[in-house]
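Down below is the structure, laid out as structure tokens.
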Amino acid sequence: NAGVTQTPKFQVLKTGQSMTLQCAQDMNHNSMYWYRQDPGMGLRLIYYSASEGTTDKGEVPNGYNVSRLNKREFSLRLESAAPSQTSVYFCASSEQGQGWDNEQFFGPGTRLTVL
Amino acid sequence: GDSVTQMEGPVTLSEEAFLTINCTYTATGYPSLFWYVQYPGEGLQLLLKATKADDKGSNKGFEATYRKETTSFHLEKGSVQVSDSAVYFCALSIKNDMRFGAGTRLTVKP
């Protein structure tokens, strides 16, 4: 039982390049999330998917797109990377529940640097 | 908007000391409150939670009580260990949103 896995672990991009961050979970969870973590700011929600086939914007969606490929996988795409997107990105999953009371399980993160 | 403010770190304590990390929140409704912990090189893990006023969450010797009157959810532990060294995040969830505090780094020295 691997939990939540993310690839890659590290990535360096040049401004304007594109890339996709991959996330998969094997806990049969309905809901999945993408966050970014910046120093002094905690985690901020980029996008979430409450269930397979649905996606919604979070607090900071600009410059990102997501795809809920199936129940297991939720990818985050940067179409044209900018230095402001340098961050650590975390994927998480949870059971779908009332409100957002359920525990979220986090992956190990992807450290992205945009030059 | 909804937000969480937590005590700035870093916090350095000796083993067996008492720990308090303050957390206050602002929310337009009735949020659920959480403490997550992040160990070096890992993702966040849920430490404890409380979903309504006066609830107490507890786990691994850590406790926090949901205080609606003071809009607070302070984390406490009576006797910290070296293995408690980590970054601690206070968070709230309300409607379809999750907000985290900036995190407090705790270092426990032997």
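The values are calculated or read from the model by the stated rules, or taken from the named source; none is laboratory data. The shown structure was predicted, so the numbers you read here are calculated from the model rather than taken from an experiment. A quick note on method: Cβ atoms are made from the backbone with ideal geometry, for glycine too, and the neighbour counts reach across all protein chains shown. Just the protein is used for accessible areas: all its heavy atoms, side chains included, with ligands, DNA and RNA removed. Shrake-Rupley method; radii C 1.70, N 1.55, O 1.52, S 1.80 Å.
Under the condition of being of a type in the set (Phe, Trp, Tyr) and touching an Asp or Glu at 6+ places or on another chain (Cβ under 9 Å), which residue from the range B:55-110 is nearest to residue A:90 (Cα to Cα)?
In the first step, residues of the range B:55-110 are kept if they are of a type in the set (Phe, Trp, Tyr); the result is B:62, B:66, B:73, B:88-89, B:100.
Within this subset, residues satisfying the condition of being touching an Asp or Glu at 6+ places or on another chain (Cβ under 9 Å) are B:62, B:66.
On the way: B:62: 25, B:66: 27 Å.
So, considering only residues that are of a type in the set (Phe, Trp, Tyr) and touching an Asp or Glu at 6+ places or on another chain (Cβ under 9 Å), the one nearest to residue A:90 (Cα to Cα) is B:62.
Which of the residues belonging to the range A:79-104 are at the interface with another protein chain (Cβ under 8 Å from one of its Cβ atoms) and surrounded by 20 or more Cβ atoms within 10 Å (Cβ to Cβ)? Don't jump to the end; show me each part of the working.
Our first condition is that a residue be at the interface with another protein chain (Cβ under 8 Å from one of its Cβ atoms); within the range A:79-104, this holds for A:90, A:92, A:99-101, A:103-104.
Selection gives A:90, A:92, A:100, A:104.
Can you report the number of residues in the range A:69-78 which are assigned to a strand (DSSP E or B) and open to solvent by 30 Å² or more (accessible area, probe 1.4 Å)? Before you say what the answer is, go through the steps one by one.
From the range A:69-78, those assigned to a strand (DSSP E or B) are A:73-78; that's our starting set.
Narrowing the set further to residues that are open to solvent by 30 Å² or more (accessible area, probe 1.4 Å) leaves A:73, A:77.
Residues that pass the stated criteria total 2.
Going through the range A:38-92 one residue at a time, which ones are free of Cβ contacts under 8 Å to residues at least 24 places away in the same chain, closer than 13 Å to residue A:22 by Cα and among the small types (Gly, Ala, Ser)?
The answer is A:67, and nothing else.
If you scan the range B:81-98, which residues turn out to be in a strand (DSSP E or B), under 25 Å from residue B:28 (Cβ atoms) and open to solvent by 10 Å² or more (accessible area, probe 1.4 Å)?
B:94, B:97
Name the single residue, out of those in the range B:20-37 being surrounded by fewer than 17 Cβ atoms within 10 Å (Cβ to Cβ) and polar (S, T, N, Q), that is modelled with the lowest pLDDT. Before the answer, list the steps.
Of the range B:20-37, the ones surrounded by fewer than 17 Cβ atoms within 10 Å (Cβ to Cβ) are B:20, B:22, B:26, B:28-30.
After this cut, where a residue has to be polar (S, T, N, Q) as well, the list is B:20, B:22, B:26, B:28.
Values: B:20: 97, B:22: 97, B:26: 95, B:28: 87.
Checked the range B:20-37; the qualifying residue modelled with the lowest pLDDT is B:28.
Enumerate the pairs (first residue in the range B:71-99 and within 14 Å of chain A (Cβ to nearest Cβ) and closer than 10 Å to residue B:21 by Cα; second residue anywhere and basic (Lys, Arg) and open to solvent by 10 Å² or more (accessible area, probe 1.4 Å)) with beta-carbon separation below 6 Å, excluding pairs fewer than 6 apart on the same chain, so at least 6 apart or on different chains.
none
Here is a list of conditions, (1) open to solvent by less than 50 Å² (accessible area, probe 1.4 Å); (2) among the small types (Gly, Ala, Ser); (3) over 21 Å from residue A:42 (Cα atoms), and residue B:101 meets all of them except one; can you say which number that is?
Condition (3) is where residue B:101 drops out.
From the set of residues in the range A:105-115 that are within 14 Å of chain B (Cβ to nearest Cβ) and crowded, with 18+ Cβ neighbours inside 10 Å, which is farthest from the chain's Cα centre (by Cα)?
Just the residues of the range A:105-115 that are within 14 Å of chain B (Cβ to nearest Cβ), to begin with: A:105-111.
When the remaining residues are screened for being crowded, with 18+ Cβ neighbours inside 10 Å, the result is A:105-107, A:109-110.
Numbers: A:105: 12, A:106: 10, A:107: 9, A:109: 9, A:110: 9 Å.
Of everything passing the filter in the range A:105-115, A:105 is farthest from the chain's Cα centre (by Cα).
Within the range B:56-69, count every residue that is among the aliphatic types (A, V, I, L, M) and either open to solvent by 10 Å² or more (accessible area, probe 1.4 Å) or over 13 Å from the mean Cα position of the chain (by Cα) (or both). First the steps, then the outcome.
Restricting attention to the range B:56-69, the residues satisfying the condition of being among the aliphatic types (A, V, I, L, M) are B:64.
Next, from what is left, pick out any that are either open to solvent by 10 Å² or more (accessible area, probe 1.4 Å) or over 13 Å from the mean Cα position of the chain (by Cα) (or both): none.
Of the residues in the range B:56-69, 0 are among the aliphatic types (A, V, I, L, M) and either open to solvent by 10 Å² or more (accessible area, probe 1.4 Å) or over 13 Å from the mean Cα position of the chain (by Cα) (or both).
Which of the residues that make up the range B:1-14 are surrounded by fewer than 19 Cβ atoms within 10 Å (Cβ to Cβ) and more than 16 Å from residue B:86 (Cα to Cα)?
Within the range B:1-14, B:1, B:2, B:3, B:5 qualify.
Got a sec? Which of B:17, B:53 is part of a loop (DSSP other than H, G, I, E, B), touching a Lys or Arg at 6+ places or on another chain (Cβ under 6 Å) and open to solvent by 20 Å² or more (accessible area, probe 1.4 Å)?
Details: B:17 fails: touching a Lys or Arg at 6+ places or on another chain (Cβ under 6 Å).
Selected residue: B:53, the only one of B:17, B:53 that is part of a loop (DSSP other than H, G, I, E, B), touching a Lys or Arg at 6+ places or on another chain (Cβ under 6 Å) and open to solvent by 20 Å² or more (accessible area, probe 1.4 Å).
Would you say residue A:15 is surrounded by fewer than 16 Cβ atoms within 10 Å (Cβ to Cβ), in a strand (DSSP E or B) and at pLDDT 95 or above?
So residue A:15 fails the test.
In the range A:42-65, what residues are more than 7 Å from every other protein chain (Cβ to nearest Cβ), hydrophobic (A, V, I, L, M, F, W, C) and in a strand (DSSP E or B)?
Correct list: A:46 only.
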